[in-house]
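The values are calculated or read from the model by the stated rules, or taken from the named source; none is laboratory data. Only a predicted model underlies this, so the values are computations on that prediction, with no experimental measurement involved. Cβ placement follows ideal geometry from the backbone for every residue including glycine, while neighbour counts extend to all protein chains displayed.
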Amino acid sequence: MRDFVCPNCGQQLAFENSVCLSCRSALGFSLGERALVVIGDPPSDEAIDHVAGVVDSDRFRLCDNLHVAQCNWLVDGDASGPGLCVSCKLTRTRPNDTDIDGLAAFAEAEAAKRRLIFELVELGLPIVGRDEDTEHGLAFDLLSSRAKDVVTGHFDGVITLDLAEADDPHREQLRVEMAEPYRTLLGHFRHEIGHYYFSVLVAGDAALDRFRDLFGDPFADYQAALDRHYSEGAPRGWKNDYVSSYATMHAAEDWAETFAHYLHIRDTLDTAASFGLAPAGATLDRPQIGRAGFDKIIELWLPLTWSLNMVNRSMGHDDLYPFVLPERVLEKMRFVHELCTGSHAATPAPESVVSPG
């Protein structure tokens, strides 16, 4: 994530800001500019003829979900119909307006989703919504399990998230019960989007053969694998070949977990570089192409995570990144990297992978 500042006064800001904390300028995030910009004339005691970063408020306005989703992204002011931003347009279902608790959780989930979408755009990955591809396009159902059972997962482009994951005690209880070292809203989104990108990126016989060599059969019986995983657990010695115990369950989950960790690494490095904690070459706007590019990413990542883990321990917290990346996992992640950097428009795979988790 980049370091953002107010174009009017230079105040350092967060990605989520819609008002400058210093000069009180109204702000919006422009996906095209990759920056926070001032909406209309910034407040001032003196007349201001021009301020860099001010956009025409007749052409642009804030997303209609400014309040319900606390969304600060800009939309085209001339567009007909609902004025939803690129991220909010992808949400197909949300809690109704009378579900106060559900809407609060929905806003948290949307904030995490905006970070996801921004990273995908920075990486140059294709995002095709349900409005463009009605059968396999990307969509999000963000549902409250207070009313009915909700299973977080992915099916044919639709990502479903149980909004109970926005509740810290609930999420922590599940994390402990399932012996997971890491569980966050953003982590869920990155995992599930991995399932979506399997059908987008793993296209053609060569890619599918390489996938099978690294991960196994993506079309193996999913329910049988699920039952086996929860009855027997992860196999002995799994840490030599998998990034997490859940990745051992099925090839589709191994891919999704590996994909999620690739996104973790790229975004964290980008943020660290933006704040001077990593070399400038680690930012997402400086592509790291091919095998050498991936080697460079890992070369930057390992010392950064070691230092961040030690900082966390100094504050009495668990490690920020409590994972080990053995050679086999790095080979899998290298494959993800090569597909992400080398393909922007792949033909969907011939079969769909149903992945409830």
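If you filter region 25-38 down to residues that are more than 11 Å from Asn72 (Cα to Cα) and free of Cβ contacts under 8 Å to residues at least 60 places away in the same chain, you find that the one that is surrounded by the most Cβ atoms within 10 Å (Cβ to Cβ) is Ser25. Taken together, the criteria place Tyr196 among residues that are among the hydroxyl-bearing types (Ser, Thr, Tyr), modelled with pLDDT of 95 or more, surrounded by 18 or more Cβ atoms within 10 Å (Cβ to Cβ) and out of contact with any Asp or Glu (no Cβ under 7 Å at 6 or more places or on another chain). Of the residues that sit in region 8-24 and are closer than 20 Å to Glu122 by Cβ and in contact (Cβ under 8 Å) with a residue 40 or more places away in the chain, which one is surrounded by the fewest Cβ atoms within 10 Å (Cβ to Cβ)? Looking at residues that are closer than 20 Å to Glu122 by Cβ and in contact (Cβ under 8 Å) with a residue 40 or more places away in the chain, I get Glu16. For region 187-215, taking the residues that are among the small types (Gly, Ala, Ser) and within 27 Å of Asp267 (Cβ to Cβ), the one that is farthest from the chain's Cα centre (by Cα) is identified as Ala207. For Ala260, the test of being buried (at least 18 other Cβ atoms within 10 Å of the Cβ), closer than 30 Å to Ala111 by Cβ and hydrophobic (A, V, I, L, M, F, W, C) is passed. For region 326-338, the condition holds for no residue, the condition being that it is among the β-branched types (Val, Ile, Thr), assigned to a loop (DSSP other than H, G, I, E, B) and closer than 25 Å to Ser245 by Cα. Going by what's in this entry, would Asp241 be described as surrounded by fewer than 19 Cβ atoms within 10 Å (Cβ to Cβ) and at pLDDT 95 or above? So Asp241 passes the test. Here Ala272 meets each of (1) touching a Gly at 6+ places or on another chain (Cβ under 8 Å); (2) part of a helix (DSSP H, G or I) with one exception, condition (1).
Just to be sure, is Gln223 of a type in the set (S, T, N, Q), out of contact with any Pro (no Cβ under 6 Å at 6 or more places or on another chain), surrounded by fewer than 14 Cβ atoms within 10 Å (Cβ to Cβ) and at pLDDT 90 or above? In short, yes.
The residues listed here are Tyr262, Tyr242; of these, the one that is touching a residue at least 24 places away in the same chain (Cβ under 8 Å), assigned to a helix (DSSP H, G or I) and of a type in the set (Phe, Trp, Tyr) is Tyr262. For region 115-152, the set of residues classified as assigned to a strand (DSSP E or B) and either touching a helix residue (DSSP H, G or I) at 6+ places or on another chain (Cβ under 7 Å) or aromatic (Phe, Trp, Tyr) (or both) consists of Gly129, Leu138, Phe140, Leu142, Leu143, listed by residue number. Only residues that are surrounded by 12 or more Cβ atoms within 10 Å (Cβ to Cβ), farther than 14 Å from Thr341 by Cα and small (Gly, Ala, Ser) were counted across region 275-290, and they come to 3.
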